[in-house]
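Heads up, the thing below is written out as structure tokens.
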Amino acid sequence: MIKTKIIAIAVLLMTLMGSAFAAVKVDQAAPNFSLANTKGEQINLADYQGKYVILEWTNHLCPYVQKHYDSDNIPSMQRKYTADNIVWLSIISSAPGKQGHIDSATSDELTASRNAAPTQVLFDPEGEVGKLYGAKTTPHMYIIDPQGTLRYAGGIDSIKSAKIADIEKADNYVEQAMAALLSGKAVNNKLTPPYGCSVKYKS
């Protein structure tokens with residue numbers, strides 16, 4: 001009897017978690033959203049229709065994020081893609097009082113000090129957009145094509161590590177997906193497990 005109740009509770013919790021993180025599906029339309037940037041302007045995903053858009057969930061205090069920024073891995077990708085008119089949106093879903101929550105001035109300072117080049121840094125303090133996309137970790141990466149279809153969701157690469165030395169050994173899934181898409185080919189690994197710190201949602 002007790003075991004049955006435990007199983008029932010576990011199933012209920014999984015169901016509730018599933019509804020809270022109703023992740024979008026690859027090869028389906030990416031849901032639109034609007035978030036404030038560091039200037040207080042509302043940035044709408046629909047504003048970038050007709051362009052590739054890369055979404056990056058981030059938290060500057062997460063060791064996994066630090067790995068990719070301290071090594072210049074993510075900043076170099078941002079510079080490369082934004083130079084080719086590809087949009088890169090860095091999204092912070094850390095809630096007030098939680099690790100990684102920062103104000104606009106601090107965000108701009110981080111961007112400059114890390115030689116980063118996102119198109120926009122966006123704030124999602126209520127976590128609504130993060131949960132809409134099912135973002136679970138920092139980093140958690142998504143690629144949306146010019147038609148507004150989600151073409152990739154998952155980890156930045158294949159080695160779940162916070163060690164900089166592992167970057168060159170890993171398969172960079174984002175680079176591979178973008179190379180395929182820009183060549184008019186299908187993405188081989190379109191859905192991969194994300195790794196990193198948990199997104200510090202409000203609840």
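Counting only residues that are touching a Lys or Arg at 6+ places or on another chain (Cβ under 6 Å) and aliphatic (A, V, I, L, M), region 94-117 holds 2 of them.
If we scan region 76-93, do we find a residue that is over 23 Å from P146 (Cα atoms) and in contact with a Lys or Arg (Cβ under 8 Å, 6 or more places away or on another chain)? Yes - at least one qualifying residue is present in region 76-93. Filtered by the rule that a residue be farther than 17 Å from K39 by Cβ and either outside any loop (DSSP other than H, G, I, E, B) or of a type in the set (V, I, T) (or both), region 89-116 gives a lone residue, S113. Summed over region 104-119, the residues that are open to solvent by less than 40 Å² (accessible area, probe 1.4 Å) and under 19 Å from V87 (Cβ atoms) give a count of 5. Looking for whichever is within 25 Å of S71 (Cβ to Cβ) and β-branched (V, I, T) here; the options are I167, I144. Which one fits? Answer to the selection: I167. Would you say K136 is more than 16 Å from W88 (Cα to Cα), of a type in the set (K, R) and in contact with a Lys or Arg (Cβ under 8 Å, 6 or more places away or on another chain)? No, not satisfied. Considering region 63-87 alone, what residues qualify as being within 15 Å of the chain's Cα centre (by Cα) and either among the aliphatic types (A, V, I, L, M) or outside any helix (DSSP H, G or I) (or both)? The answer is V65, I74, M77, V87. Taking the criterion of being buried (at least 16 other Cβ atoms within 10 Å of the Cβ), out of contact with any Ser or Thr (no Cβ under 6 Å at 6 or more places or on another chain) and in contact (Cβ under 8 Å) with a residue 24 or more places away in the chain, the residues of region 144-160 that qualify are I144, D145, G148, L150, R151, Y152, A153, I156, S158. Criterion first (touching a Lys or Arg at 6+ places or on another chain (Cβ under 8 Å), hydrophobic (A, V, I, L, M, F, W, C) and open to solvent by less than 20 Å² (accessible area, probe 1.4 Å)) does A170 satisfy it? For A170, the condition - touching a Lys or Arg at 6+ places or on another chain (Cβ under 8 Å), hydrophobic (A, V, I, L, M, F, W, C) and open to solvent by less than 20 Å² (accessible area, probe 1.4 Å) - is not met.
Residue under question is A83, and the condition is that it be free of Cβ contacts under 8 Å to residues at least 40 places away in the same chain and open to solvent by 10 Å² or more (accessible area, probe 1.4 Å); does it hold? Talk me through it step by step, then tell me what you get.
On the way: free of Cβ contacts under 8 Å to residues at least 40 places away in the same chain: yes; open to solvent by 10 Å² or more (accessible area, probe 1.4 Å): yes.
For A83, the condition - free of Cβ contacts under 8 Å to residues at least 40 places away in the same chain and open to solvent by 10 Å² or more (accessible area, probe 1.4 Å) - is met.
Scanning region 117-153 for residues that are small (G, A, S), in contact with a Phe, Trp or Tyr (Cβ under 7 Å, 6 or more places away or on another chain) and part of a loop (DSSP other than H, G, I, E, B) turns up G127, G134, A135.
From the list G134, G40, G97, G127, pick out the single residue that is free of Cβ contacts under 8 Å to residues at least 60 places away in the same chain and more than 26 Å from G184 (Cα to Cα). Write out each step before concluding.
Numbers: G134 fails: free of Cβ contacts under 8 Å to residues at least 60 places away in the same chain; G40 fails: free of Cβ contacts under 8 Å to residues at least 60 places away in the same chain; G127 fails: free of Cβ contacts under 8 Å to residues at least 60 places away in the same chain.
One residue alone meets the criteria, G97.
Residue count for region 173-203 satisfying the condition of being in a helix (DSSP H, G or I), open to solvent by 60 Å² or more (accessible area, probe 1.4 Å) and either under 15 Å from Y64 (Cβ atoms) or among the aromatic types (F, W, Y) (or both): 0.
The values are calculated or read from the model by the stated rules, or taken from the named source; none is laboratory data. For clarity, every value in this text was computed on a predicted model and none was experimentally measured. Heads up, the Cβs are rebuilt from the backbone with ideal geometry, glycines too, and the neighbour counts pull from every protein chain shown. Heads up: the accessible areas ignore ligands, DNA and RNA and are worked out on the full protein's heavy atoms, side chains in. Shrake-Rupley method; radii C 1.70, N 1.55, O 1.52, S 1.80 Å.
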